[in-house]
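One structure is given here, and the rest of the page talks about it.
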Amino acid sequence: MSQPVLEIVPSRGVADASFLHRLLNYVFWKTIRGRRGFPMTVEDRQATQPELKRVMGPALLLLFIIGDILGTGIYALTGQVAGKVGGVVWLPFLIAFAVALLTAFSYLELVTKYPKAAGAALYTHKAFGIHFLTFIVAFAVMSSGITSASTAARAFSANFTAALGLEVGNAMVVLIAILFLGLVAAINFRGVGESVKLNVGLTMIELTGLLIIIGIGFWAIFHGQGDVSRITTFTPAGDSGVFWSVIAATTLAFFAMVGFEDSVNMAEECKDPSRIFPKVLLTGLLITGVIYVLVSIAAITLVPAAELSEGETPLLKVIQAGAPGFPISIFGVITMLAVANSALINMMMASRLLYGMAREDVIPAVLGRVHHGRQTPYIAIGFTTLLAVGLLVFAGGVPQLGGTTALLLLGVFAIVNIAVLVLRKDTVEHKHFRIPTVFPVLGALTCTFLAGPWTGRDPVQYLIAGVLLAIGVVLWFATVGIMRRTQAARA
C-alpha cells in the first residue's frame, strides 16, 4: 500500500520543507545517481510543483521576524548572562546583536539574489557544490531546532513550577519538561499547523511579556527604586578578565538573537522579497535588539546579578522585585506561552525537514513514513522527540542546550558569510541587495571566533553538537550504502 501524502501547513520554520527536501534530493542524487531506472531529478519535480502563494507583506513579515527572535533566549538566559558579567548584562546582548547584524546583512544579499526557500542549505550548495557539506548544513539547522526545543521545554518546566510556587528538584523539572515535549509531539502528530494569524497572536503575547518587564523596571527607576548604578558595574565570573567574561556571556546571549535566519525561508511567500526584505529584516533586528537591552537594564536595576543568575526563571524575579502585587501566575503563563511557541515551531520544523530528507531518499526511508489517519510524519516526529528527550536527560540545563543551539548556528552562519563572497562571481538578472565586502568578512570571523573553545564555552556543548552531527553522518552514509546496493542490483 502506498504511503499517504503529508499535508504540510505553511507556518514558521516549516514552509521551507518542500523546496529544501527537493534541493537535498538533488544534491544526494548528484552524489550516487547515474544509471537508468532511478527517480526523476529535482528539475523534473520542480516542473510539476506549484509555487507557494505570496501572502506576506511588510507588516506581516516584520511581525514574523520579531516573533521568531523573541522567545526562550531572553526569558531564560538573562540571569546566566548576568552571572558572567554582573551589572553590564546589557553589553553581551548588544554585542550579540552586532554579530547577528553582520550575518543578517549576508542573508539579505543572498535572499534578495536568490529569493527561494531553503536558506543556508541553498546558499551552501550554490557556493561550494559539495553535496555532503550541503547535507551537513541542513542537518545542523535541523539539530539546532531540536536543541532549541529542548531549551524551551526546560524553560517551560522551570517557569511552570515557579508560577505554581512548587519547590521541586531537578529530576521533577526534567520530568515536567519531558511531559511537555510529549504534549508538543502529540500536537505535532495531530497535524496542528500554525497560521500567520496565530503567529501574530503569539508574537504579541511574547512582546507583551517583555514590555511588562521594561515598564515595571523603568517605573521603579523613576520612583527611586532599585539601583541604577548596577548597569555599569562589571563583576567577572571566576578569574576571567573583562574581555573573556564578556565574550563568554556573548556566546550565551547570542542564542537570544537567533531566529532571524528563519525569515529567509519565507521568501517564496513574500510579496516582492527583493525589495522589502532588507528594510523589514533590519527593522525587526533593531526592534528586538533595543527590547533586549532595555529588558537587561530593567532586570539588573531591580535584581542584583548574583540573585538574578540563580535558577532558571530570572524575569519572574524581576516582576516580584519591581511589582510585588502583580499576579506572578499571569506572567508565568505569558512566559510559558512564549517558550512553548518556540518548542512547537522548532519541533515541527525538525520533523518536517527529517521527513523531507527521508522521502527524497537522502536518509533512510523509514523516517519518511506518514500516518494514514493523521497525515503527519509520525516516525520523524517520534525520532526528533526522542532526541530532544535524550538531550533533556543527559545534556543538562538551559545554558548547555541554548549554548549548543547557538554553537550549531554560528557554524552555519560562518559558512553563509563565506558563501556571500564565493557567490559574488554569480550574477543574476534582477537587482538585489549588495553589502560591502567587509561585512561578510567580519561576519565569518566573528561567528568562527564565538564558536571556538577559547570563548570559555562549556565543553559539553561541543559534545552535544558532535553527537547530533554524528547521527546525521551515520544516516547519510547508511542511505548512500543502501542506494548503491540498489543501483548495483538494477544494473
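What follows draws every value from the coordinates through simple rules; no lab data is involved. All values derive from a computational prediction rather than experimental measurement. Cβ: placed from backbone, ideal geometry, glycine included. Neighbour counts: every protein chain shown.
Ordered by packing density, taken as the mean number of other Cβ atoms within 10 Å over each peptide's residues, highest first, how do 309-318, 76-85, 471-480 rank? Don't skip to the end; give the middle numbers.
Values: 309-318: 21.2, 76-85: 27.5, 471-480: 16.1.
Packing order, densest peptide first, comes out as 76-85, 309-318, 471-480.
As an exercise, use a Förster radius of 22 Å and the Cβ-Cβ distance of residue 463 and residue 386 to find the FRET efficiency, rounded to the nearest 0.05.
Values: r = 18 Å, r/R0 = 0.82.
Here the calculated transfer efficiency is 0.75.
Classify region 377-491: rounded, prolate or oblate, from the alpha-carbon gyration tensor (a ≥ b ≥ c, eigenvalue square roots; a/c under 1.5 rounded; otherwise prolate if a/b is larger than b/c)?
Details: a/c = 2.36, a/b = 1.14, b/c = 2.07.
It comes out oblate by the Cα gyration axes.
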Next on the checklist: I need the peptides 418-430, 133-145, 325-337 ranked by packing, meaning the mean over residues of other C-beta atoms within 10 angstrom, with the highest value on top.
Outcome noted: 133-145, 325-337, 418-430
Next on the checklist: Modelling each spin label as a point 7 Å along the Cα-to-Cβ direction, I'd like the residue 227/residue 393 distance in nm, to one decimal.
Outcome noted: 4.4 nm
Item to check | Backbone N under 18 Å from the residue 59 label point (7 Å along Cα→Cβ), restricted to region 205-226 | outcome: 205
Item to check | Computed FRET value (nearest 0.05) for residue 427 with residue 287, which takes r as the C-beta separation and R₀ as 45 Å | outcome: 0.85
Next on the checklist: Would region 79-238 count as rounded, prolate or oblate if I go by the C-alpha gyration tensor, calling it rounded below 1.5 in a/c and otherwise prolate when a/b exceeds b/c, oblate otherwise?
Outcome noted: oblate
Next on the checklist: For residue 86, what residues show an amide H to amide H distance below 5 Å, using hydrogens built from the backbone and excluding near sequence neighbours?
Outcome noted: 235
